[in-house]
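Below: the structure, in structure tokens.
The values are calculated or read from the model by the stated rules, or taken from the named source; none is laboratory data. Note that this is a predicted model, so its numbers are computed, not measured. In this analysis, Cβ positions are derived from the backbone assuming ideal geometry, glycine residues included, and neighbour counts consider all displayed protein chains.
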Amino acid sequence: MKIKGTVFKYGDNVDTDVIIPARYLNTSEPKELAKHCMEDIDETFASKVKKGDIIVANRNFGCGSSREHAPIAIKASGVSCVIASTFARIFYRNSFNIGLPILECEEAANDIDGGDEVAVNFSTGEIFNLTKNKTYRAEPLPDFMQEIISKDGLINYISSKQT
């Protein structure tokens with residue numbers, strides 16, 4: 001499983017209230033959440049993000065509340081992957097549950113800049129910075145997690161196993 005996109009770069013402690021501000025939590029409609037994704041930290045994100053783009057951040061991405069709205073908003077905005085030094089535990093779990101791939105890689109998080117073109121191979125864990133001609137290595141995603149992502153989340157993955 002491979003993806004490629006342009007990077008939006010953020011720093012440490014990007015919390016769920018920044019990813020999707022609480023004032024928009026009166027809906028769980030993914031397209032509506034996507035319209036407001038990241039607006040408190042980057043008011044141009046929703047208008048600039050394209051399908052396949054990648055978010056790169058530093059430490060503790062997704063900290064804060066346990067709401068699944070945050071990874072839903074990111075995924076619905078078109079982001080194909082989030083790479084960070086570390087993730088908040090509940091955000092990590094919620095991301096895979098809804099089919100949003102994430103990778104922890106401190107070297108990539110520190111070195112990749114906003115606007116860089118990056119390709120990711122989830123099977124090998126390789127992150128290629130096409131702009132800087134550099135390769136970073138994260139832990140590869142296990143096959144079953146790649147299958148969860150390809151099925152668009154845990155519920156669809158489980159349903160496919162029951163038929």
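Considering the range 1-63, the qualifying helices (runs of 4 or more DSSP H), each wholly inside and each with 1 or more residues that are within 20 Å of Phe87 (Cα to Cα), run over 16-19.
Condition (residue is basic (Lys, Arg) and in contact with a helix residue (DSSP H, G or I) (Cβ under 7 Å, 6 or more places away or on another chain)) applied to the range 28-38: is it met by at least one residue? Quick ask: steps written out before the conclusion?
Taking the range 28-38 first, the residues basic (Lys, Arg) are 31, 35.
With the extra rule that they be in contact with a helix residue (DSSP H, G or I) (Cβ under 7 Å, 6 or more places away or on another chain), the set shrinks to 31, 35.
Among the residues of the range 28-38, at least one is basic (Lys, Arg) and in contact with a helix residue (DSSP H, G or I) (Cβ under 7 Å, 6 or more places away or on another chain), which makes the answer yes.
Among the residues of the range 139-146, is any surrounded by 15 or more Cβ atoms within 10 Å (Cβ to Cβ) and either in contact with a helix residue (DSSP H, G or I) (Cβ under 7 Å, 6 or more places away or on another chain) or in a strand (DSSP E or B) (or both)? Yes, the conditions are met somewhere in the range 139-146.
If I filter the range 52-65 down to residues being over 12 Å from the mean Cα position of the chain (by Cα) and not polar (S, T, N, Q), which single residue comes out as modelled with the lowest pLDDT? Among those that are over 12 Å from the mean Cα position of the chain (by Cα) and not polar (S, T, N, Q), it is Gly64. If you go through the range 79-100 one residue at a time, do you hit one that is more than 23 Å from Ile20 (Cβ to Cβ), in contact with an Asp or Glu (Cβ under 7 Å, 6 or more places away or on another chain) and either touching a residue at least 60 places away in the same chain (Cβ under 8 Å) or not in a loop (DSSP other than H, G, I, E, B) (or both)? The answer is no, given that none of the residues of the range 79-100 is more than 23 Å from Ile20 (Cβ to Cβ), in contact with an Asp or Glu (Cβ under 7 Å, 6 or more places away or on another chain) and either touching a residue at least 60 places away in the same chain (Cβ under 8 Å) or not in a loop (DSSP other than H, G, I, E, B) (or both). When the range 111-126 is filtered for residues that are over 12 Å from Cys81 (Cα atoms) and of a type in the set (S, T, N, Q), the ones remaining, listed by number, are Ser123, Thr124.
Of Thr131, Thr124, which residue is part of a loop (DSSP other than H, G, I, E, B), β-branched (Val, Ile, Thr) and within 21 Å of Gly11 (Cα to Cα)? Full working, then the answer.
Details: Thr124 fails: within 21 Å of Gly11 (Cα to Cα).
After ruling out the rest, the residue left standing is Thr131.
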